[in-house]
Amino acid sequence: MTDTQQDTRAGFVALIGEPNAGKSTLLNRMVGAKVSIVTHKVQTTRARIRGVALAGASQIVFVDTPGIFRPKRRLDRAMVSAAWGGAADADVVVLLIEAHRGLTEGVEAILTALEERSGPAPIALAINKIDRVPAESLLALTKKMNDRYAFTETFLISAEKGRGVEDLRDWLAGKLPEGPWLYPEDQIADLPLRMIAAEMTREKLTLRLHEELPYQLTVETEKWEERADGSARIDQIVYVARDGHKGILLGKKGETIKAVGRASREELEKFLDRRIHLFLQVKVRPNWLEERDRYGEMGLDFNDGD
Ligand SMILES: Nc1nc2c(ncn2[C@@H]2O[C@H](COP(=O)(O)OP(=O)(O)OP(=O)(O)O)[C@@H](O)[C@H]2O)c(=O)[nH]1
Ligand SMILES: [Mg+2]
């Protein structure tokens, strides 16, 4: 805690944008740890994930959200709804766009929706992935975006390389309301460990399977058992919708799932700083995308998908 309580500020900053804009990468960079999973694929983040960062006397609670796109299926609708919910609850909203893609149709749709929803929260623009374009192009894009929407402020950043991120953080810190911190100062995430553990396995599956990856896949932590020697045994279930998907996940002689389990365990051990025994089981569940329980486990509202 800082010396005087009234100096402190705290609040929520929602990161919104199209799938793949770099929202989770930015959240992790701000927090200084991997709280939210990142992949090269779109629609990686499925629920609202909170990560806590400190900037001077300010505690910034970043809310990572699923990418906003035109939803078709129940899961898509629940994800997009979670994203807008994150924005509605926030003190400040940051819209991330990709420098090399600019004002896409998807960004245009988000801006239209923002105009309709516009609450009192300031909305900042973060043009991300500036490492991918020549610096000269950024002025024109900044102008184009601000002609289209009256952003409170524009930042040029590379979430991956860490460029421009401090300026953004300091500006956000000053925008938050005065008040006591919302989380203990050593807390960096607000997501149950069992969910973080499941997300890590989903990330490794996504990275490992590339184009073969079934979208219709979810991971749940089934059991978490503390052991006397300080280690933990974690049992997880990977739900897929089809028999064929199970084969893909297992791979030849179970090699794929074994490699995924190893990668996930290693990262979990680093994150938790303790020994982990991870057991993965793949189950075929044709209708899991329509099962209420599955949504609760993902941190989504089943009814949002209606
Ligand atoms: N070159 C470059 N790549 C980036 C940058 N920030 C993120 N990426 C990459 O962009 C991809 C998507 O990043 P994510 O952080 O998962 O994007 P997201 O917006 O959370 O995506 P969803 O969860 O699917 O909505 C990953 O491959 C990142 O490594 C950046 O500043 N520069
Ligand atoms: Mg994400």
Residues located in the stretch 154-181, provided they are closer than 15 Å to Ala90 by Cβ and in a strand (DSSP E or B): none
Those residues of the stretch 215-257 which are assigned to a loop (DSSP other than H, G, I, E, B) and closer than 19 Å to Arg74 by Cβ, in sequence order: Tyr215, Gln216, Ala241, Arg242
Failed item, numbered, when Ile237 is tested on (1) of a type in the set (A, V, I, L, M, F, W, C); (2) surrounded by 17 or more Cβ atoms within 10 Å (Cβ to Cβ); (3) under 20 Å from Lys34 (Cβ atoms): (3)
Pair list, Cβ under 6 Å, 6 or more apart: the stretch 149-163 residue within 14 Å of Ile97 (Cα to Cα), other residue part of a loop (DSSP other than H, G, I, E, B): Phe155/Gly164; Leu156/Gly164; Ile157/Gly164; Ala159/Gly22
Entirely in the stretch 1-106, the strands (runs of 3 or more DSSP E) that have 1 or more residues that are in contact with a helix residue (DSSP H, G or I) (Cβ under 6 Å, 6 or more places away or on another chain) and small (Gly, Ala, Ser): 9-17, 49-55, 58-64
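Can you pull out every residue in the stretch 51-67 that is in contact with a strand residue (DSSP E or B) (Cβ under 6 Å, 6 or more places away or on another chain) and within 14 Å of ligand 1 (Cβ to nearest atom)?
Gly51, Phe62, Val63, Asp64, Thr65
Could you tell me whether Ala78 is in contact with an Asp or Glu (Cβ under 9 Å, 6 or more places away or on another chain) and within 15 Å of ligand 1 (Cβ to nearest atom)?
When the stated conditions are applied, Ala78 passes them.
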Criterion violated by Val13 - all others in (1) farther than 26 Å from Ser137 by Cα; (2) surrounded by fewer than 22 Cβ atoms within 10 Å (Cβ to Cβ); (3) modelled with pLDDT of 95 or more; (4) aliphatic (A, V, I, L, M) satisfied: (2)
Test: residue in the stretch 122-145 that is small (Gly, Ala, Ser) and either touching a helix residue (DSSP H, G or I) at 6+ places or on another chain (Cβ under 8 Å) or surrounded by 18 or more Cβ atoms within 10 Å (Cβ to Cβ) (or both): yes
Yes/no for Phe62 being surrounded by fewer than 22 Cβ atoms within 10 Å (Cβ to Cβ), more than 8 Å from the chain's Cα centre (by Cα) and either basic (Lys, Arg) or over 19 Å from Lys204 (Cα atoms) (or both): no
Evaluation of Asn28 against (1) within 23 Å of Glu185 (Cα to Cα); (2) more than 14 Å from ligand 1 (Cβ to nearest atom) (one fails), failing number: (2)
The stretch 235-277: number of residues that are within 14 Å of Leu205 (Cα to Cα) and in contact (Cβ under 8 Å) with a residue 24 or more places away in the chain: 18
Restricting the stretch 77-100 to residues that are acidic (Asp, Glu) and surrounded by 19 or more Cβ atoms within 10 Å (Cβ to Cβ), the residue that is farthest from the chain's Cα centre (by Cα): Asp91
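The values are calculated or read from the model by the stated rules, or taken from the named source; none is laboratory data. Remember, it's a predicted structure, so these values are computed and weren't measured experimentally. Because the Cβ atoms are built from the backbone with ideal geometry, glycine has one as well, and the counts that use them run over all protein chains shown.
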